[in-house]
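**Student:** Can you keep this structure in mind? I'll have questions shortly.
The values are calculated or read from the model by the stated rules, or taken from the named source; none is laboratory data. All values derive from a computational prediction rather than experimental measurement. For neighbour counting, all protein chains shown are included, and Cβ atoms are generated from backbone atoms with ideal geometry for every residue, glycine included. What goes into the accessible areas is simple: the full protein's heavy atoms, side chains included, and nothing from ligands, DNA or RNA. Shrake-Rupley method; radii C 1.70, N 1.55, O 1.52, S 1.80 Å.
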Amino acid sequence: MFFTTKLDRVDVVVVGSANADLVVSVARRPSAGETVLGSDTRVLPGGKGANTAVAAARNGAAVSLVGAVGDDPYGEFLLKSLGSAGVDTTRVRKVTTPTGLAFITVTPDGENSIIVSPGANSALTEADVDLGDARVLVASLEVPITVVEHAVALAARSGVRAVVNLSPVAELSPDTLAVLDPLIVNEHEARALPGFDCSRSVVVTLGARGADVVTPEGTRRIPAPQVDAVDTTGAGDAFTGALAAHLARGADLVAATEHAIAYAARSVTHQGAQPPRVAPPGK
Ligand code: ATP
């Protein structure tokens, strides 16, 4: 059975990936040709699109994810976990390609090494994008760039506010960049920008230092609260989802960024990109 959660109303449409994160702790990373033994595998819901959608839902928005999963137990796990977080999954298509997987090794110093196998996420097409009567579109780049550019163009034509988290970094067309309000980048991604005036607004996330909001009026630094960070994986996704939820509710960009910083700071105090609620396959 294909598990689907339907909402009557949608404020925020997220276009992005859904992956199962397979996480193994190791004493040290193997070098080429070497085998090391690790911990049992933890299976967690992840993917930038799904993480963002869950964060937007936790911030009170009615959210729908446009995405794709495989017809396999990981796909079912991701749909159930999205549904239990209150995310509408009627726009998640089930495809024959296997569900996207992220193979994550964590060493005692807390560093992650990640291999993403995009799988079903690569099967997402322009035809899958349906913005309904949403107020805000949010996209990230673990799905084909053509789909993101199409979604942004559709949003611009329909009067829907378009937000893109440029992660992983990709070269968006000037037409796409021009309508984003905001474009969200971290400090590394900011270096790939043609200029801070490429979009209507740009938010640069600065990790523990908070974020800069860059608009034609100037740049405003908003600091983050001091927290004991346990795992910063997905902090950018938590930030983006929370920001979109507050924009959809009518907050201005500075106020929405303040809420997003507070939410993302809380998110780094627990393990995983999303708080897990549904048992993974086989449990
Ligand atoms: P990731 O790729 O890990 O998802 P990112 O590099 O895209 O993250 P960051 O700039 O590291 O994004 O973090 C996004 C936001 O999360 C920051 O703007 C901040 O609000 C919050 N944040 C991240 N790390 C911390 C921290 N150590 N303490 C408090 N807030 C944090």
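**Student:** Just the accessible area per residue of the chain, please: how many Å² with a 1.4 Å probe?
**Tutor:** Here the residues of the chain average 45 Å² of exposed surface.
**Student:** Going by accessible area, probe 1.4 Å, with all protein chains left in place, what is the ranking of Thr176, Thr125, largest first?
**Tutor:** So the residues, ranked largest to smallest area, are Thr125, Thr176.
**Student:** Here's a follow-up. Report Thr146's accessible area, 1.4 Å probe, all protein chains in place, as a number in Å² to the nearest 10.
**Tutor:** Ignoring ligands and nucleic acids, Thr146 comes out at about 80 Å².
**Student:** Of Ala139, Ala178, Ala153, which is farthest on the positive side of the dipole of the chain, counting Cα position, with +1 on Lys and Arg Cβ, -1 on Asp and Glu Cβ, and the Cα centre as origin?
**Tutor:** Towards the positive end, the residue furthest out is Ala139.
**Student:** So what is the relative contact order of region 141-240, in percent, for Cα pairs below 8 Å that sit 6 or more residues apart?
**Tutor:** Once normalised by length, the contact order is 18 percent.
**Student:** Which order do you get for Lys94, Lys48 if you rank them by accessible area with a 1.4 Å probe, largest at the top?
**Tutor:** Lys94, Lys48
**Student:** Does region 1-120 classify as rounded, prolate or oblate by the C-alpha gyration tensor (a ≥ b ≥ c root eigenvalues; a/c under 1.5 gives rounded; else a/b over b/c gives prolate, otherwise oblate)?
**Tutor:** prolate
**Student:** Take the alpha-carbon centre of region 9-83, take the same for region 149-172, and report the distance between them in whole Å.
**Tutor:** That distance is 22 Å.
**Student:** Using Cα centres only, tell me the gap between region 91-140 and region 217-232 in whole Å.
**Tutor:** Value for the Cα centre distance between the two parts: 26 Å.
**Student:** Between rounded, prolate and oblate, where does the chain land on the alpha carbon gyration tensor, with a ≥ b ≥ c its root eigenvalues, rounded for a/c under 1.5, else prolate if a/b exceeds b/c?
**Tutor:** oblate
**Student:** So how far apart, in nm, are the two label points at Asp197 and Arg28 if each is 7 Å from Cα heading toward Cβ?
**Tutor:** 5.2 nm
**Student:** Here's another thing I want to ask about it. Over the chain, what percent of the accessible surface lies on carbon and sulfur atoms, probe 1.4 Å?
**Tutor:** Looking at the chain in its full context, I get 53 percent from C and S.
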